[in-house]
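Just so it is clear, none of the values below were taken in a lab; they were calculated from the coordinates. On a predicted model such as this, the values are computed, not experimentally measured, just so you know. A quick note on method: Cβ atoms are made from the backbone with ideal geometry, for glycine too, and the neighbour counts reach across all protein chains shown.
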Amino acid sequence: MRTGNPDLYLRQLLVGPMANFIYLIGSKRTRECVIVDPAWAIEELIAAAAADGMTVTGALVTHYHPDHCGGSMMGFQVPGGVAELIGKVDGKIHTHKIEADGLKKVTGISEGDLVRHESGDKLEIGDVTIEMIHTPGHTPGSQCFLCDGCLVAGDTLFVDGCGRVDLPGGDPAQMYETLTGTLAKLTDDVILYPGHDYGPTPQSTMGAQRQTNRHLRVRSMGDWLRMMGR
Ligand SMILES: [Zn+2]
């Protein structure tokens with residue numbers, strides 16, 4: 001992985017039947033890490049960190065769909081989410097403030113387990129800084145995490161794709177603004193780490209995505225909505 005920070009620990013793990021990518025991000029110096037979007041197999045995720053000599057000290061959630069945080073929504077149930085993690089590690093669940101109530105409803109965790117964030121908030125682990133970027137569209141409080149030139153994007157941006165906008169909380173106009181405004185500010189060398197293994201490769205760069213991802217190449221909202229079948 002290309003990064004300028006020798007302290008950065010970042011692992012991508014493929015988990016569950018929906019091809020979710022879960023990430024461990026932390027500090028090699030302090031041996032602490034957080035789990036991004038813990039679900040499906042909490043014991044295995046904690047064990048994967050432990051096998052690298054890392055202690056899990058909390059979680060970051062990109063959005064409140066059960067395949068990213070566990071729990072249930074509209075009859076769809078996913079085991080092993082943030083609620084299970086809270087019982088097994090000493091730490092908080094970091095979410096965008098707009099997503100917090102939905103996250104509580106879907107997973108059953110309490111307010112005391114949560115830290116509500118604004119866009120631009122930073123979480124520091126050792127010499128590693130994780131910046132939270134609000135990227136609404138897939139859900140109202142979706143967020144991406146930018147860390148030493150790595151973008152952990154949840155269901156906002158996939159390799160050669162983007163998240164659906166027809167699920168609960170989806171908003172096509174907000175997603176268009178996220179794709180063509182917020183994400184357009186990232187430099188070409190930023191590495192994209194998506195929330196699902198839906199593309200031809202498990203990761204890419206923003207520069208490569210600007211060539212091959214049609215959702216980053218649209219000229220107008222009308223064109224994009226037609227592309228999305230609306
Ligand atoms: Zn989702």
Hey, could you pull the Cα Rg and Dmax for region 139-230, both in Å? 12.2, 36
For Ile125, enumerate residues with amide H under 5 Å from its amide H, sequence gap 5+ or separate chain, H modeled in the peptide plane. Ile130
For region 8-227, percent of DSSP beta bridges that are antiparallel (nearest 5) comes out at 70
Can you give the calculated 222 nm mean residue ellipticity of the chain, where each DSSP H run of n ≥ 4 adds -39,500 (n - 2.57) and the sum is split over every residue, rounded to the nearest 500 deg cm²/dmol? -5500 deg cm²/dmol
As a footprinting exposure proxy, order Arg164, Arg116 by other Cβ within 10 Å, with the fewest listed first. Arg164, Arg116
Over the Cα atoms of the chain, Rg to Rh with Kirkwood Rh, two decimal places? 0.94
Packing-wise, with mean Cβ within 10 Å as the measure, how do 59-65, 69-75, 39-45 rank, highest first? 59-65, 39-45, 69-75
Quick check: the angle from helix 42-51's long axis to the longest principal axis of the chain, C-alpha only, nearest 10 degrees? 70
Based only on Cα atoms, what Rg/Rh ratio does region 149-197 have, Rh being taken as Kirkwood's radius? 0.96
Student exercise: in the chain, how many lysine pairs 8 or more apart or on different chains have Cα atoms under 19 Å apart? 8
Please express the shape of region 59-167 as an equivalent ellipsoid: the semi-axes are the square roots of 5 times the eigenvalues of the C-alpha gyration tensor, given largest first in whole angstrom. 20, 19, 12
Take the alpha-carbon centre of region 3-62, take the same for region 198-230, and report the distance between them in whole Å. 27
